[in-house]
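Visitor: Have a look at this one.
Quick note: the coordinates plus some simple rules give every number you see, no bench work behind them. All values reported here derive from a predicted model rather than from experimental measurement. Note: ideal-geometry Cβ built from the backbone for every residue, glycine included; neighbour counts use all protein chains shown.
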Amino acid sequence: MNHTTCKACHGSGMQRDDEGWQYKCSVCHGEGVVNESKATRSVKIMSTDENNRLLD
């Protein structure tokens, strides 16, 4: 398998917003690595609040 470090979270599995809140990485799903051979380009449209924070 061809695993590479997730570029979105730099391998940490977490992403942080401008206020310091941490979220599970939506690219690697918290794993820190991406399997390029099984990678898909699916798009998920997410809702945001008035401050552009993602809503779960």
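Visitor: Within the chain, what's the longest run with no trypsin sites (Lys or Arg not before Pro) in a DSSP loop and at most 10 other beta-carbon atoms within 10 Å? Give the range, please.
Guide: Answer - 8-37.
Visitor: Under a point-charge model restricted to the Cβ atoms of Lys and Arg (+1) and Asp and Glu (-1), what is the dipole moment magnitude of the chain relative to its Cα centre, in debye to the nearest 20?
Guide: 340 debye
Visitor: Okay, moving on. Go through Ile45, Val27, Gln15 and say which Cα lies farthest out towards the positive end of the charge dipole of the chain; charges sit on Cβ, +1 for Lys and Arg, -1 for Asp and Glu.
Guide: Farthest along the dipole direction, towards plus: Val27.
Visitor: Using only the Cα atoms, work out Rg/Rh for the chain, with Rh taken as the Kirkwood radius, to two decimals.
Guide: Values: Rg = 12.6 Å, Rh = 12.3 Å.
Result: Rg/Rh = 1.02.
Visitor: When only Cα pairs under 8 Å and 6 or more residues apart are kept, what is the percent relative contact order across the chain?
Guide: RCO, the chain: 32 percent.
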